[in-house]
Every structure is written in C-alpha cells, then in structure tokens.
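Asks: Below you'll find the structure I mean.
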C-alpha cells in the first residue's frame, strides 16, 4: 500500500469512532468442517458484561451476528425473538461444556466498518442467494448479567442489500463487504490498524463462536505473519468466521478471523472443545487489516458505489487445507 493511500485511510477510516431457529444441523456441520477453530490454553471467552475493560465492551456494540431469517420471529411490537436449539444439543456436547444451554443460531460474525457496510469473511457470503436470507443482528450478547440475549430490538436487526465485494483464498486473504438495507443507528464503525501486528503482539477477538451470543476472548498472541494473513492462538470456533480481531492496547482492527483448528473432540458418548497448549496446534488465521482497509477505501471513494462514509469521531486461519 502506498504511503499516500495509508494516510488517506487514516483520515477516512481512522477518524471513525470505535467500534431463530438455528441453522439446519447439516449447514452448521458443513460450516465447522470448512472453517473450524479451537481453544488454546485456558478458555478465555467471556460474556460481554464479564469483560472488565469498558472500551472492549463498547467495541462489542459494533459486532454483528449473521443468521438466517427463520432464526427470528416477532414476539412483541418492536421486539424480535431468537429461537432454536441449544448449543450443547446441536453439537452433542457433554453437559459440562461452557455455554451448553445458550442458543447458537449465527453461522458467521461481522463488524461495522461504515454507516451501512459490514465486513466479514469471504466464505460467509459465498451462497449466491446469501442476501435473500441473511439477517445481521446487533446486541446478540449478554451485555448485562441478567439480560436475555435472545430478545432483540427489531431496530437492531438489518437485512442484506447486496454483497459489495468478496475474496476467498484458502491459503491467503479471505474477506467480504456487505451493504445493509439501511444505515446502522446508534453504533460507530471500528478503526483499522495501519499495518499487520508483529510476532508476539497481543490480540483479542469479539464474535459469535459456534453461533453463540457474542464473546470476548483475549490472552492471545500473534505467532507469525504470512502474505495476506497472520496466525495467532485465539480462542475461536466456527461461527467466529468474520470476527474482528483487535490489537490489544489500541483497539484497532488487526484483521478478520477466517480459518483454524477443529472445534470438538469425542469424549465418551459426547463431545468437548478441542484444547491445545498455547504454543501448539496450527493456530488461527486472520486476514490482514491492511488488505481489508485498502479495499474498503476503494469502495468508499468510488463514485458509483452508493455507500455512506463513516463519520468523524473518537477511535474507539495458514491453511492446512482450504478448510
């Protein structure tokens, strides 16, 4: 990326503020086989309200769950209810598994990058009929201890107008931009980091592991950089695909979570999360923010693309196979 373009990205993007019936079992199984992920060391996933850092909780407001339209129904005027199977039942998990009783309707994650644009993983939007069925749901989370994450304001549910751009390289970058059916109200786009994090840098992720309500997972470090993406020991699963990975300390987006290890292993008659030591297993692949930000800038500055530029404010997986 040229120096002048990086400066322009800083002006256009860096000035932006911070931050159901479940899918059919076969669809969720396919998503996990294609883009499975894993727990490294201790399970660092937290509910949004459990996160002590208020700035990270604010970032979670710009994260979106992507789920099928039939995962939502109107339960009262202005309220959409998420319905479906529990996480544990869907995956034949042992009852001791974390978040066993929560609903898990989302098949991918995303995050707000302009007033009406969501960034996600490219493989999340491959279906030619994606826009016909996809819903983008904000605040599918436990942002307060006693909050029901399955009750969503209807105003926080958005439709898909079109897929603006997608790139899918099973051994490289994997990302997409989706234009929503209207401007997002009451939330601010995230800020991209100007370059990829270095080996050893600390990162964290916010998204919807295996379709669950949003989780914040820190305690991760970058293992290595590879053209188009970097590898980190993030605690993520299928459903985290499209999640924003942030640089610890700056809260800038380091990249988009796209690939990784398997989700579960068998233990007796049920499944448990696959766990590795921090330094072992393959690591999780994250498309570099620099690539994503450069393409977004092209979109925002192309006259025939009817999108809304972010408003100024305060900033807020090495493919072993093409999984």
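Asks: For residue 189, all conditions in the list (1) at pLDDT below 95; (2) out of contact with any helix residue (DSSP H, G or I) (no Cβ under 7 Å at 6 or more places or on another chain); (3) buried (at least 18 other Cβ atoms within 10 Å of the Cβ) hold save one; what is the number of the exception?
Replies: (1)
Asks: Is there a residue being closer than 30 Å to residue 249 by Cβ and in contact with a strand residue (DSSP E or B) (Cβ under 7 Å, 6 or more places away or on another chain) anywhere in segment 75-89?
Replies: no
Condition check ((1) under 20 Å from residue 108 (Cα atoms); (2) modelled with pLDDT under 50; (3) assigned to a loop (DSSP other than H, G, I, E, B)) across all residues:
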position: 9; (1), (2), (3): no, yes, no
position: 23; (1), (2), (3): yes, yes, yes
position: 28; (1), (2), (3): yes, yes, no
position: 31; (1), (2), (3): yes, yes, no
position: 70; (1), (2), (3): yes, no, no
position: 73; (1), (2), (3): yes, no, no
position: 88; (1), (2), (3): yes, no, no
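Asks: Could you check segment 189-212 and list, in sequence order, the residues that are within 16 Å of the chain's Cα centre (by Cα) and farther than 21 Å from residue 133 by Cβ?
Replies: 189, 190, 191, 192, 203, 204, 205, 206, 209
Asks: Let me ask something else. Being farther than 18 Å from residue 110 by Cβ and either part of a strand (DSSP E or B) or out of contact with any strand residue (DSSP E or B) (no Cβ under 7 Å at 6 or more places or on another chain) (or both) is the filter here; which residues of segment 130-152 pass it?
Replies: Once the filter is applied, which keeps residues that are farther than 18 Å from residue 110 by Cβ and either part of a strand (DSSP E or B) or out of contact with any strand residue (DSSP E or B) (no Cβ under 7 Å at 6 or more places or on another chain) (or both), segment 130-152 yields 144, 145, 146, 147, 148, 151.
Asks: Taking the options 148, 101, 127, 132, name whichever one is modelled with pLDDT under 90, at negative phi and surrounded by fewer than 18 Cβ atoms within 10 Å (Cβ to Cβ).
Replies: None of the others qualify; the one that does is 101.
The values are calculated or read from the model by the stated rules, or taken from the named source; none is laboratory data. Since this is a predicted model, take the numbers as computed values, not measurements. Every residue, glycine as well, gets a Cβ built from its backbone with ideal geometry; the counts of neighbours run over all protein chains shown.
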